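J.: What follows is a structure written as structure tokens; I'll ask about it next.
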Amino acid sequence: MLERALKGSPRYYAWIGFLMVIIAIGGAVWINQLMVGLKITGMSRDVSWGFYISQFTYLVGLAASGVMIVLPYYFHKYKPNKHMVIFGEFMAIAACIMCLLFIVVDIGQPQRMLNVILHPTPNSILFWDMIVLNGYLFLNLLCGWVCLEADRMRLPHPKWVKPFIIISIVWAFSIHTVTAFLYQGLPGRHYWLTAILAPASWQARSAPDRPSCCWS
Amino acid sequence: MKQNRRKFIKFAGAAAAALCVAPNVAKAASGGHAAPIMTNPKGLSAKRWAMVIDTTKLNTVEALQPLIDVCHKIHNVPNIDSNQDVKWLWPGSYEETFTEQLNPHLDDAVKGRAYALLCNHCDNPPCVRVCPTKATFKRPDGIVAMDYHRCIGCRYCMAGCPYGSRSFNFSEPREHFTEAELKELDPKFPTRMRGVVEKCNFCVERLAKGERPACVEASKGAMYFGDLSDPESEVRQVLRERFTLRRKPTAGTEPSVYYII
């Protein structure tokens, strides 16, 4: 099935080439950051979290919004969405991977990132954020891969996948709630120090622009 | 018969796995145990270290500079001239210090003072609560300490601290020392690496040897340091005699640094 991504028209190759150039530029800048330090980001004590974390937050909402495509078929039996479910799941996988990568590039000592798993700290919301994001990634990988394989074999989707998909729908609400909890409990950020932040983020993340990113 | 044996073996395997995992989960939830400590008999100990700063005596940037210099010297803090600077002790204006006690007609003398700001070693520290690796932790004597080798540099603690006491090493700290300064680095205290957060540590390495914090000694009596839970300590005595304020009390962090106004 991989040959569908590797073979195409010259226009397709030009587009992929353009994306590769952008990836190469990003990679070079990241290697520079690894060698020199986070000072190149321009962040400071007052702005200790900048574009990296704001992009991470946006993509968490995007990953959760994949659920908007899955919901109509599984909860409301809306047939036209049946074959779009996979699309929603793979978009969520891509968004989840980007979330985790944004965290990796933002922390000052990325080689120590396994410390969050080696020294679990349940009182820290960042620990729970890691758990729910990786769990959502795993769920979507499992469901998306199995359903895609079934589609390739022109077989119906296996029945045991359905509970995992239902869990992933509920889990999607948890990932952006936990990410909002990250900001809610910070005495150093008075504007966010309110319990209304998580429900307010649901409203923002259900906005039409999130799932519409995949319609195009 | 076969089905029952398979079920039993599956169940036994799952139970054995759970028995292996359960004590580790319980240990992780309880916070783990530190290695045994050998205390220095000369060391100072307390149940809750606290500091009282007399701002009627210590109130100008010129008076504060020697304290800042000695703190940064013995802890090898680099001098970076940008908004990515690292500071353990620094001067602040009244508006920056007491953001919850402002009014349009403040006493000029109080308003014009420079206040010595540092980590407040809170009793309910938000930085400890949010650290995902327990790299910043509260010691039994109340001091909020840091493990620079465990810190992953996520800066969550910096977002949590309402006082701005924490500094991130955006660049390699040693590149901000001149050749001469590099030779004079204090070998008794480690320099940090880039990508970790640091802050005032109430001179724990000096307390362990029986010495008071360097800024307290350099202040020549303008700063008091002692055990807040001991009613006869010098901090409790001075707190009984003089009116004091703490920074941002409504944040609920219970800071341990008091300011005599």
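The values are calculated or read from the model by the stated rules, or taken from the named source; none is laboratory data. Remember, predicted model here, so these are calculated numbers, not experimental data. Don't worry about glycine lacking a Cβ; one is built from the backbone with ideal geometry, like all the others, and counts go over all protein chains shown.
J.: Name the one entry in B:Cys71, B:Cys127 that is under 18 Å from the mean Cα position of the chain (by Cα), crowded, with 18+ Cβ neighbours inside 10 Å and farther than 26 Å from B:Gly221 by Cβ. Walk me through it before giving the result.
T.: Numbers: B:Cys71 fails: farther than 26 Å from B:Gly221 by Cβ.
Exactly one of B:Cys71, B:Cys127 is under 18 Å from the mean Cα position of the chain (by Cα), crowded, with 18+ Cβ neighbours inside 10 Å and farther than 26 Å from B:Gly221 by Cβ, namely B:Cys127.
J.: Going by the conditions given, is B:Thr191 touching an Asp or Glu at 6+ places or on another chain (Cβ under 8 Å) and hydroxyl-bearing (Ser, Thr, Tyr)?
T.: Numbers: touching an Asp or Glu at 6+ places or on another chain (Cβ under 8 Å): no; hydroxyl-bearing (Ser, Thr, Tyr): yes.
In short, no.
J.: I would also like to ask the following. Just the residues that are surrounded by fewer than 18 Cβ atoms within 10 Å (Cβ to Cβ) and either within 24 Å of B:Thr178 (Cβ to Cβ) or hydroxyl-bearing (Ser, Thr, Tyr) (or both), please, taken from segment B:75-111.
T.: Hits for segment B:75-111 are B:Asn79, B:Asp81, B:Ser82, B:Asn83, B:Asp85, B:Ser93, B:Thr99.
J.: Condition test on A:Ile131, is it β-branched (Val, Ile, Thr), part of a helix (DSSP H, G or I) and closer than 24 Å to B:Thr136 by Cβ? Spell out how you get there, then give the answer.
T.: Numbers: β-branched (Val, Ile, Thr): yes; part of a helix (DSSP H, G or I): yes; closer than 24 Å to B:Thr136 by Cβ: yes.
So A:Ile131 passes the test.
J.: Which of the residues spanning segment A:63-79 are surrounded by 16 or more Cβ atoms within 10 Å (Cβ to Cβ) and modelled with pLDDT under 90?
T.: Residues of segment A:63-79 that are surrounded by 16 or more Cβ atoms within 10 Å (Cβ to Cβ), as a first pass: A:63-74.
Of everything in segment A:63-79, those that are surrounded by 16 or more Cβ atoms within 10 Å (Cβ to Cβ) and modelled with pLDDT under 90 turn out to be A:Ala64, A:Ser65, A:Gly66, A:Val67, A:Met68, A:Ile69, A:Val70, A:Leu71, A:Pro72, A:Tyr73, A:Tyr74.
J.: Looking only at segment A:141-188, how many residues end up being touching a residue at least 60 places away in the same chain (Cβ under 8 Å) and among the aromatic types (Phe, Trp, Tyr)? Even if it seems obvious, please write down each step before you answer.
T.: Step one: of segment A:141-188, the residues touching a residue at least 60 places away in the same chain (Cβ under 8 Å) are A:147-148, A:151-152, A:162, A:165-166, A:168-169, A:172-173, A:175-176, A:179, A:185.
From what's left, among the aromatic types (Phe, Trp, Tyr): A:173.
Going through segment A:141-188 one residue at a time, the tally reaches 1.
J.: Hey, B:Ile152 hits all of (1) free of Cβ contacts under 8 Å to residues at least 60 places away in the same chain; (2) buried (at least 21 other Cβ atoms within 10 Å of the Cβ); (3) part of a helix (DSSP H, G or I) but one; which does it fall short on?
T.: Result: B:Ile152 fails condition (3) only.
J.: Just a yes or no: is a residue in segment B:220-239 in contact with a Cys (Cβ under 7 Å, 6 or more places away or on another chain) and acidic (Asp, Glu)?
T.: Residues of segment B:220-239 that are in contact with a Cys (Cβ under 7 Å, 6 or more places away or on another chain), as a first pass: B:223.
Subset that is acidic (Asp, Glu): none.
No: segment B:220-239 contains no residue that is in contact with a Cys (Cβ under 7 Å, 6 or more places away or on another chain) and acidic (Asp, Glu).
J.: Please go through segment B:198-222 and pick out each residue that is assigned to a loop (DSSP other than H, G, I, E, B) and surrounded by 14 or more Cβ atoms within 10 Å (Cβ to Cβ).
T.: Narrowing segment B:198-222 to residues assigned to a loop (DSSP other than H, G, I, E, B): B:199-203, B:208-213, B:219-222.
Selection gives B:Lys199, B:Cys200, B:Asn201, B:Phe202, B:Cys203, B:Ala208, B:Glu211, B:Arg212, B:Pro213, B:Ser219, B:Ala222.
J.: Hey, can you tell me all the residues within segment B:116-147 that are within 14 Å of chain A (Cβ to nearest Cβ) and acidic (Asp, Glu)?
T.: Within segment B:116-147, B:Asp123, B:Asp147 meet the criteria.
J.: Please count how many residues of segment A:82-126 are more than 14 Å from chain B (Cβ to nearest Cβ) and in contact with a Pro (Cβ under 6 Å, 6 or more places away or on another chain).
T.: Residues that pass the stated criteria total 0.
J.: Would it be correct to say that B:Phe170 is of a type in the set (Phe, Trp, Tyr), more than 15 Å from the chain's Cα centre (by Cα) and surrounded by fewer than 13 Cβ atoms within 10 Å (Cβ to Cβ)?
T.: Numbers: of a type in the set (Phe, Trp, Tyr): yes; more than 15 Å from the chain's Cα centre (by Cα): yes; surrounded by fewer than 13 Cβ atoms within 10 Å (Cβ to Cβ): no.
It is false that B:Phe170 is of a type in the set (Phe, Trp, Tyr), more than 15 Å from the chain's Cα centre (by Cα) and surrounded by fewer than 13 Cβ atoms within 10 Å (Cβ to Cβ).
J.: Now for a separate question. Which of the numbered conditions does A:Ser201 fail, given that it passes all the others? Conditions: (1) over 17 Å from the mean Cα position of the chain (by Cα); (2) small (Gly, Ala, Ser); (3) at pLDDT 75 or above.
T.: (1)
J.: Given the conditions (1) farther than 30 Å from A:Thr179 by Cα; (2) free of Cβ contacts under 8 Å to residues at least 24 places away in the same chain, and given that B:Arg113 satisfies all but one, which numbered condition is not satisfied?
T.: Result: B:Arg113 passes all but (2).
J.: Among A:Ile93, A:Ile117, which is out of contact with any Ser or Thr (no Cβ under 8 Å at 6 or more places or on another chain) and over 28 Å from A:Leu186 (Cα atoms)? I'd like the intermediate steps shown before the answer.
T.: Values: A:Ile117 fails: over 28 Å from A:Leu186 (Cα atoms).
When all the criteria are applied, what remains is A:Ile93.
J.: Which condition breaks for B:Lys199 when tested against (1) charged (D, E, K, R); (2) modelled with pLDDT of 95 or more; (3) more than 16 Å from the chain's Cα centre (by Cα)?
T.: Checking B:Lys199 against (1) charged (D, E, K, R); (2) modelled with pLDDT of 95 or more; (3) more than 16 Å from the chain's Cα centre (by Cα), the one that fails is (3).
J.: Hey, can you tell me all the residues within segment B:164-197 that are outside any loop (DSSP other than H, G, I, E, B) and either within 19 Å of A:Gly50 (Cα to Cα) or more than 11 Å from every other protein chain (Cβ to nearest Cβ) (or both)?
T.: First, pick out the residues of segment B:164-197 that are outside any loop (DSSP other than H, G, I, E, B): B:167-168, B:171, B:173-176, B:179-183, B:197.
Selection gives B:Ser167, B:Phe168, B:Ser171, B:Arg174, B:Glu179, B:Ala180, B:Glu181, B:Leu182, B:Lys183, B:Val197.
J.: Taking the condition over 30 Å from B:Ser45 (Cα atoms), of a type in the set (S, T, N, Q), touching a His at 6+ places or on another chain (Cβ under 9 Å) and more than 13 Å from chain A (Cβ to nearest Cβ), does B:Asn79 pass?
T.: Details: over 30 Å from B:Ser45 (Cα atoms): yes; of a type in the set (S, T, N, Q): yes; touching a His at 6+ places or on another chain (Cβ under 9 Å): yes; more than 13 Å from chain A (Cβ to nearest Cβ): yes.
In short, yes.
J.: While we're here: Please work out which residue is nearest to the other protein chains (Cβ to nearest Cβ), limiting yourself to segment B:247-261 and to residues that are over 16 Å from the mean Cα position of the chain (by Cα) and surrounded by fewer than 19 Cβ atoms within 10 Å (Cβ to Cβ). Spell out the reasoning first.
T.: Of all residues in segment B:247-261, those over 16 Å from the mean Cα position of the chain (by Cα) come to B:248-252, B:259-261.
Among the residues that remain, those that are also surrounded by fewer than 19 Cβ atoms within 10 Å (Cβ to Cβ) are: B:249-250, B:252, B:261.
On the way: B:Pro249: 11, B:Thr250: 9, B:Gly252: 7, B:Ile261: 23 Å.
Filtering segment B:247-261 for residues that are over 16 Å from the mean Cα position of the chain (by Cα) and surrounded by fewer than 19 Cβ atoms within 10 Å (Cβ to Cβ), the one nearest to the other protein chains (Cβ to nearest Cβ) comes out as B:Gly252.
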